[in-house]
1. Which one is surrounded by the most Cβ atoms within 10 Å (Cβ to Cβ) among residues in segment 27-38 that are more than 16 Å from the chain's Cα centre (by Cα) and of a type in the set (V, I, T)?
2. Taking into account only those residues within segment 65-84 that are over 14 Å from the mean Cα position of the chain (by Cα) and modelled with pLDDT of 95 or more, which is nearest to V98 (Cα to Cα)?
3. In segment 44-57, which residue that is open to solvent by 60 Å² or more (accessible area, probe 1.4 Å) and of a type in the set (S, T, N, Q) is nearest to L102 (Cα to Cα)?
4. Given the criteria surrounded by fewer than 13 Cβ atoms within 10 Å (Cβ to Cβ), at pLDDT 95 or above and within 18 Å of S114 (Cβ to Cβ), does P41 qualify?
5. Do you know which residues across segment 15-26 are surrounded by 14 or more Cβ atoms within 10 Å (Cβ to Cβ) and in a loop (DSSP other than H, G, I, E, B)?
6. List the strands (runs of 3 or more DSSP E) that sit entirely inside segment 30-115 and contain at least 2 residues that are over 16 Å from L11 (Cα atoms).
7. For segment 71-103, which residues satisfy the criterion of being free of Cβ contacts under 8 Å to residues at least 12 places away in the same chain and open to solvent by less than 60 Å² (accessible area, probe 1.4 Å)?
Amino acid sequence: QVHLVESGGGLVQAGGSLRLSCAASGIIFSINAMGWYRQAPGKQRELVASLISGGNTYYANSVKGRFTISRDNAKNTVYLQMNSLKPEDTAVYYCNVVRGTLGYWGQGTQVTVSS
């Protein structure tokens, strides 16, 4: 089992920044990928950014150049630095970890960007 705890969400004005954190505990070896998804009201959950073992990263086109995903292995934590936030970034952000064939989710953290 992998347990994920997210933090760092909140209310910010357009153009502002937030940093989300996701601390992993439990059976955390052999993790294949760590990433962030988001779900806005009435929309499907979408992948925002991910870190794949080996160091490859993926970003959704809508966040490229504004968001950065990183990982601190010593703290078993993955971060999402979000800059130049836009109202359309408003959503619940979820941390996701893939270990083997299993995926694990955090509880979600709300990000609200006001115009």
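1. Taking the candidates together, the pick is I28.
2. G65
3. In this case the residue turns out to be S53.
4. Here the answer is no, as P41 does not meet what is asked.
5. Hit for segment 15-26 is G16, nothing else.
6. Counting at least 2 such residues, we get 31-39, 46-52, 56-59, 67-72, 77-82, 91-99, 102-105.
7. Across segment 71-103, the qualifying residues are D72, G103.
The values are calculated or read from the model by the stated rules, or taken from the named source; none is laboratory data. Keep in mind it's a predicted model, so treat the numbers as computed, not measured. Here the Cβ is made from the backbone with ideal geometry for all residues, glycine too, and neighbour counts use every protein chain on show. Just so you know, the surface numbers come from the protein's heavy atoms only, side chains and all, with ligands and any DNA or RNA stripped out. Shrake-Rupley method; radii C 1.70, N 1.55, O 1.52, S 1.80 Å.
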